[in-house]
Each structure stands twice: as structure tokens, then as C-alpha cells.
Amino acid sequence: MAKPTPLVAGNWKMNGLNTALAEIEALSGLLGGKDTPACDVMICPPATLLSRLADAADGSSIAVGGQDCHQNVSGAHTGDISAQMLKDAGASAVIVGHSERRADHGESDKTVHDKAVAAWDAGLKAIICVGETESQRDAGETIQVVEGQLAGSIPEGATADNMVVAYEPVWAIGTGRTPTADDVAAVHAAMRAALEARFGAETGGSVALLYGGSVKPGNAVELMGVANVNGALVGGASLKAADFDGIIDAYRG
Ligand code: PEP
């Protein structure tokens with residue numbers, strides 16, 4: 001059975017002006033000057049920087065992704081961006097269902113599902129995010145919530161090539177707090193079992209499952225060492241090349 005290919009992806013969120021391109025050059029230099037990590041590396045900048053960042057990353061091992069896409073290909077959707085446009089700008093993947101989109105824009109599992117289909121139609125990998133809120137965790141509902149989000153957000157036809165799943169507990173995002181390694185292991189084992197049950201052992205066993213939420217250089221080795229964790233989705237610590245590379249270090253000898 002094929003093993004998941006780990007991915008360390010940076011989500012810059014609504015951060016980054018022209019000057020942030022220097023971070024890509026710095027990251028490219030760090031990646032080129034050290035041992036090749038046993039993971040793929042991706043940066044998801046704001047859409048305004050996508051094409052310039054794709055140009056800056058050209059020839060390096062850094063892939064570029066979008067942070068969200070509209071579910072339609074084109075049309076009267078002021079301010080929105082289609083998956084095809086992201087692809088056209090140089091993206092190879094797009095994050096869908098990030099908890100900030102679910103909370104700030106009322107995105108349902110059905111919306112996330114439709115965005116993932118749009119990503120696939122455009123030839124992009126979908127990075128599908130799930131995760132419980134703090135009150136859901138306190139109520140003992142974590143596994144149930146995550147399984148429900150997986151069932152509702154992942155379309156039929158998912159493969160290890162067209163999808164990555166990111167488990168991001170909402171209460172751990174940007175807070176400096178993380179679940180224990182045992183807690184992460186329990187959720188990732190449940191996600192793996194759910195994917196295997198739905199898509200079969202080969203596909204379900206080879207989809208990369210990322211952990212996201214306050215990953216830093218100081219905790220990356222422990223979190224990336226948890227069973228069924230195949231990389232990280234990184235917010236704050238992806239903004240500085242040296243910090244992000246410190247997380248990638250978890251995948252170097
Ligand atoms: C995120 O929002 O995807 C994230 C993981 O953020 P942070 O690393 O800042 O917690």
C-alpha cells in the first residue's frame with residue numbers, strides 16, 4: 001500500500017505585501033542549502049501575491065496554493081475567486097473549509113464539498129480542513145464532529161492525489177495551545193478509519209492527514225511524530241522563512 005506523502009503547508013491568511021516575496025527567496029535558499037526534507041512544501045499566500053509568488057518559487061521545491069475558492073467556475077460573484085483562476089495564477093492546490101471560512105463566512109460542509117469538487121475540476125488538490133470548537137471538545141464531541149465534517153465535506157472520488165485532509169482544532173489555531181500527542185493520535189486514527197471505511201484501504205490509507213493549530217519549530221517533531229500525522233498546516237509560523245523551515249526540519253534526518 002502506498003504511504004501518504006507528507007506535506008508541510010503554510011497558510012499566510014490575510015498577511016503579506018510585496019515585501020513578503022523576500023521570505024520565499026529566503027525559504028528557497030534554506031531548502032536548497034540543507035538536506036532535502038522527506039515532505040512536500042507549500043505556501044498559500046493571499047490571492048494578490050499568488051502569481052508573483054509562483055514566479056518567485058519557480059525552479060524551487062516550493063509549491064503554491066490558494067486559501068479558498070468559489071464553488072462556481074465564473075460569474076457574478078463580486079470579490080470571489082474561482083479554482084480555475086487560482087490554477088491560472090500558478091496554484092497547484094487550494095485550502096477549503098478552513099475554520100475561519102466556516103466561521104466568518106458561514107460555510108457549511110456542503111459548501112466545502114462543492115468547493116472541493118470545483119478544485120478538482122480545475123486540476124487543483126483540495127486541502128480540506130476539519131476540526132472541533134473548544135465547546136465541542138469540552139462536551140466530548142470531538143470525534144463525532146470531525147467524522148461528520150469529513151462525511152459532509154469530502155466528495156466522492158477522493159484520492160491521495162487530489163486531496164489532503166487537515167485536522168485543525170479551532171481552539172488551537174493562533175492560540176499557542178495544542179492538543180496532547182495522544183489527543184491528536186486519537187483524532188487522526190479516527191480520520192484514517194473513516195477514510196478507509198469510505199474509500200477503501202488503499203486510498204484511505206494513503207491520503208495525507210495534516211495536523212494544524214499552533215505548530216512551531218519547538219513542537220513540530222513531537223506533533224509530526226504522532227501516528228497518522230503526515231505533515232502540518234501552519235499559520236503564524238509560516239510567515240517567517242526561518243520559523244517555517246524550523247518546522248520542515250521535523251522531516252529532515
Ligand atoms: C491555521 O489557521 O491554519 C493555523 C494552523 O494557524 P496557526 O498555525 O497560526 O495556529
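The values are calculated or read from the model by the stated rules, or taken from the named source; none is laboratory data. Model, not experiment: these values are computed from the prediction. Cβ: placed from backbone, ideal geometry, glycine included. Neighbour counts: every protein chain shown.
Taking region 206-253 as the region of interest, how many residues are farther than 13 Å from VAL184 by Cβ, in contact (Cβ under 8 Å) with a residue 60 or more places away in the chain and in a loop (DSSP other than H, G, I, E, B)?
Adding up the residues that qualify gives 6.
Here are some conditions: (1) over 20 Å from ALA201 (Cα atoms); (2) buried (at least 21 other Cβ atoms within 10 Å of the Cβ); (3) more than 10 Å from the ligand (Cβ to nearest atom). SER153 meets all but one. Which one does it not meet?
Checking SER153 against (1) over 20 Å from ALA201 (Cα atoms); (2) buried (at least 21 other Cβ atoms within 10 Å of the Cβ); (3) more than 10 Å from the ligand (Cβ to nearest atom), the one that fails is (1).
crowded, with 23+ Cβ neighbours inside 10 Å, of a type in the set (S, T, N, Q) and within 9 Å of the ligand (Cβ to nearest atom): does that describe SER214?
no
Write out, first by first residue and then by second, each pair whose Cβ atoms fall under 6 Å of each other, whose residues are 6+ apart or on separate chains, and whose first residue, in region 85-96, is at pLDDT 95 or above while the second is surrounded by fewer than 19 Cβ atoms within 10 Å (Cβ to Cβ) and not in a loop (DSSP other than H, G, I, E, B).
Listed pairs, sorted by first residue: ALA89/SER51; GLY90/SER51.
I'd like to check something: does region 177-187 contain any residue that is on the phi > 0 side of the Ramachandran plot and away from the ligand (no atom under 12 Å from the Cβ)?
No, region 177-187 contains no residue that is on the phi > 0 side of the Ramachandran plot and away from the ligand (no atom under 12 Å from the Cβ).
Got at least one residue in region 49-69 being farther than 24 Å from ASN230 by Cα, surrounded by fewer than 22 Cβ atoms within 10 Å (Cβ to Cβ) and either within 16 Å of the ligand (Cβ to nearest atom) or hydroxyl-bearing (Ser, Thr, Tyr) (or both)?
Yes - at least one qualifying residue is present in region 49-69.
Looking only at region 138-170, count how many residues are among the hydrophobic types (A, V, I, L, M, F, W, C), closer than 28 Å to GLY236 by Cα, out of contact with any His (no Cβ under 9 Å at 6 or more places or on another chain) and not in a loop (DSSP other than H, G, I, E, B).
Within region 138-170, residues that are among the hydrophobic types (A, V, I, L, M, F, W, C), closer than 28 Å to GLY236 by Cα, out of contact with any His (no Cβ under 9 Å at 6 or more places or on another chain) and not in a loop (DSSP other than H, G, I, E, B) number 8.
Can you pull out the residues in region 90-119 that are surrounded by fewer than 18 Cβ atoms within 10 Å (Cβ to Cβ) and under 19 Å from ILE43 (Cα atoms)?
If the condition is that a residue be surrounded by fewer than 18 Cβ atoms within 10 Å (Cβ to Cβ) and under 19 Å from ILE43 (Cα atoms), then SER92 is the only one that fits.
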